[in-house]
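One structure is given here, and the rest of the page talks about it.
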Amino acid sequence: MTSAAKLQRLEARIDAEKKETIGAAAAVQGLSLSDFVIQAAYSRALETLEAHRTLRLSTADQQLFMDTLMNPPAPNDALRQAAARSRERFGS
């Protein structure tokens, strides 16, 4: 169990309609309003961070792909052997 000294406080002001809607959703799930808000915010935070990480990796991968197309590496022995086998089997 987390001790009270380690917990942080988070406050937010919302209008009555939003609080009522969030409270109803919390009740449906059998959670307190605070637990529901924390769970929802934390879940959304993880999704946001994952989407950002995926986008960042995708951008880096795109750059690597373009760099490789523009400046292809020299063929290694395995590639030369594969090309030779392909020529033997299928012709030029």
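The values are calculated or read from the model by the stated rules, or taken from the named source; none is laboratory data. If you're wondering where the values come from, they're calculated on a predicted model, not measured in any experiment. Please note: Cβ atoms are built from the backbone with ideal geometry, for glycine as well, and neighbour counts cover all protein chains shown. All accessible areas refer to the heavy atoms of the entire protein, side chains included, with ligands and DNA or RNA removed. Shrake-Rupley method; radii C 1.70, N 1.55, O 1.52, S 1.80 Å.
Axis of helix 33-70 versus longest Cα principal axis of the chain: the two differ by about 20°, to the nearest ten degrees. Computed over protein heavy atoms with a 1.4 Å probe, the accessible surface of the range 1-85 works out to 93 Å² per residue.
Between L69 and R85, what length in nm is gained on full extension when 0.36 nm per residue of separation is reduced by their alpha carbon distance? Walk me through the intermediate numbers first.
Working: separation 16, 0.36 × 16 = 5.76 nm, distance 2.40 nm.
Here the answer is 3.4 nm.
Counting only Cβ charges, +1 for Lys and Arg and -1 for Asp and Glu, the dipole size of the chain around its Cα centre is about 320 debye. The heavy atoms of L31 offer some 60 square angstrom of accessible surface to a 1.4 angstrom probe.
Heavy-atom surface analysis with a 1.4 Å probe gives the chain a carbon and sulfur content of 59 percent of its accessible area. In the chain, the DSSP-assigned H stretches of four residues or longer account for a calculated mean residue ellipticity at 222 nm of -24500 deg cm²/dmol, using -39500 (n - 2.57) per stretch and the full residue count as denominator.
Report the semi-axes of the equivalent ellipsoid for the range 10-92 in whole Å, largest first, where each axis is √(5λ) for an eigenvalue λ of the Cα gyration tensor.
Result for the range 10-92: semi-axes of 58, 15, 10 Å.
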